[in-house]
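Only one structure is covered here, and it is reproduced in the block below.
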Amino acid sequence: ILQRSNTALIFINQIRMKIGVMFGNPETTPGGNALKFYSSLRLDIRKIATLKDGQEAFGNRTRVKVVKNKVAPPFKMGLVSISLIFSGVIWA
């Protein structure tokens, strides 16, 4: 249905920490393995700074890392500034 209607379905999830992990990544996402398996694109988005004009915050500087990509090469990383005042994204 999504392909015929040219629609993107977006799931948002959060990261939890696994307890007692000695090796590997202690971060995990709740909800089972279905989203990890069936998704075509998975992004790890993290806030790295707040954009300010004097004392007033107007956006966030974020790091976007491609965790999984079935349609292009994975494991790329970039920085994105998200402006909350102008309702737009500034690509950097």
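The values are calculated or read from the model by the stated rules, or taken from the named source; none is laboratory data. Computed from a prediction, not measured in an experiment: that's the story for all the values here. Please note: Cβ atoms are built from the backbone with ideal geometry, for glycine as well, and neighbour counts cover all protein chains shown.
ILE82 passes every criterion in (1) β-branched (Val, Ile, Thr); (2) within 14 Å of the chain's Cα centre (by Cα); (3) modelled with pLDDT of 90 or more apart from (3).
Do we have GLN14 as in contact with a Ser or Thr (Cβ under 9 Å, 6 or more places away or on another chain) and either over 21 Å from PHE75 (Cβ atoms) or of a type outside the set (D, E, K, R) (or both) here? Here the answer is yes, as GLN14 does meet what is asked.
Give the residue that is farthest from LEU84 (Cα to Cα), with candidates limited to residues of the stretch 56-65 that are surrounded by 10 or more Cβ atoms within 10 Å (Cβ to Cβ) and of a type outside the set (A, V, I, L, M, F, W, C).
So in the stretch 56-65, the residues surrounded by 10 or more Cβ atoms within 10 Å (Cβ to Cβ) come out as 57-65.
Next, only the ones that are of a type outside the set (A, V, I, L, M, F, W, C) stay: 59-63, 65.
On the way: GLY59: 5, ASN60: 8, ARG61: 11, THR62: 13, ARG63: 16, LYS65: 21 Å.
Here the residue is LYS65.
Residue by residue, here is whether (1) within 22 Å of ARG16 (Cα to Cα); (2) of a type outside the set (Asp, Glu); (3) surrounded by 12 or more Cβ atoms within 10 Å (Cβ to Cβ) holds:
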site	(1), (2), (3)
SER39	yes, yes, yes
ARG42	yes, yes, yes
ALA49	yes, yes, yes
GLY54	no, yes, no
LYS68	yes, yes, yes
PRO74	no, yes, yes
MET77	yes, yes, no
VAL80	no, yes, yes
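For the stretch 1-32, the tally of residues that are under 15 Å from LEU43 (Cα atoms) and either surrounded by 10 or more Cβ atoms within 10 Å (Cβ to Cβ) or not aliphatic (A, V, I, L, M) (or both) stands at 7.
Are any residues in the stretch 17-51 of a type in the set (Gly, Ala, Ser) and either closer than 21 Å to GLY78 by Cβ or in contact (Cβ under 8 Å) with a residue 40 or more places away in the chain (or both), and if so, which ones?
SER39, SER40, ALA49
Listed here are the residues, each with its yes/no results for (1) under 23 Å from PHE11 (Cβ atoms); (2) among the β-branched types (Val, Ile, Thr); (3) within 13 Å of the chain's Cα centre (by Cα).
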residue	(1), (2), (3)
SER40	yes, no, no
ALA49	no, no, no
ASP53	no, no, no
ASN60	yes, no, no
VAL64	yes, yes, yes
PRO74	yes, no, no
MET77	yes, no, yes
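Restricting attention to the stretch 52-78, the residues being under 22 Å from PHE37 (Cβ atoms) and either charged (D, E, K, R) or in contact (Cβ under 8 Å) with a residue 12 or more places away in the chain (or both) number 9.
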